[in-house]
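Taking it in order: structure first as structure tokens, then the write-up.
Values quoted throughout were computed directly from the atomic coordinates according to the rules given, and no laboratory measurement underlies them. All values derive from a computational prediction rather than experimental measurement. Note: ideal-geometry Cβ built from the backbone for every residue, glycine included; neighbour counts use all protein chains shown.
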Amino acid sequence: MKKTIVSLSLAGLLCVPFAYSQQYLEEKTSSDPRETQQKWDAIRKEYSQAMWDLRERKPQQQVIEKFDALFQKGAIIETFDDEVLETAILYQAYEVAKFLLTKGADPNGFRSHGKPLKIATRFGKHEAITILMQHGAKPLKPEEAAQLRLTFAAGTGKLNAIKTELANGAGIDSRDTLDHETALVEAAQWGHTEAVKLLLQVGAYPKQTG
């Protein structure tokens, strides 16, 4: 199915991926262009509202029904942008995530960089990791996963978790593959002085920048 990608931004609140389907392109050439545009502008607004409901933690079945109605009208997920799937993971809307994966969301993320799985790993969303793997996500290397967990532990001041991930192979001065930050920078940016002290004690280079 061919598609034309459109980036949305409503009142500066959201910027969500949206793709016009072949149905839209055919309607535009075979019927009144203004009517077709009005119809698809309405679909874009509904799409943004569904995203808003997802972020507002509305009941998952309600969100699924809104997305399903959009797909039936011809909207499709742009598989080169993970925002919809990432949002479902971050907000632990796992039924929505499963539904989106069945409708074409890419478990391997933007240009196969694995972003959804990296997000799930970094923030400890274990159920999301399982769901993504079941739908074909490529597993992360153990040291990459440890690095993601290390920067999150540092950014949240969890001293025991920092020690655990260093033991699991995370590099003390390495940058993670999601935000490209080091553990020391994360700890300092979020004001976790004990974590900063610990990282310096175990050998972190003190003159780091974000």
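Per-residue answers, yes or no, for (1) touching a Leu at 6+ places or on another chain (Cβ under 6 Å); (2) surrounded by fewer than 19 Cβ atoms within 10 Å (Cβ to Cβ); (3) assigned to a loop (DSSP other than H, G, I, E, B):
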site: Pro139; (1), (2), (3): no, yes, yes
site: Glu143; (1), (2), (3): no, yes, no
site: Gly157; (1), (2), (3): no, yes, yes
site: Asn160; (1), (2), (3): no, yes, no
site: Arg175; (1), (2), (3): no, yes, yes
site: Glu186; (1), (2), (3): no, no, no
site: Leu198; (1), (2), (3): yes, no, no
site: Gly203; (1), (2), (3): no, yes, yes
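The set of residues in region 59-87 that are out of contact with any Pro (no Cβ under 9 Å at 6 or more places or on another chain), touching a residue at least 40 places away in the same chain (Cβ under 8 Å) and crowded, with 22+ Cβ neighbours inside 10 Å contains only Ala75.
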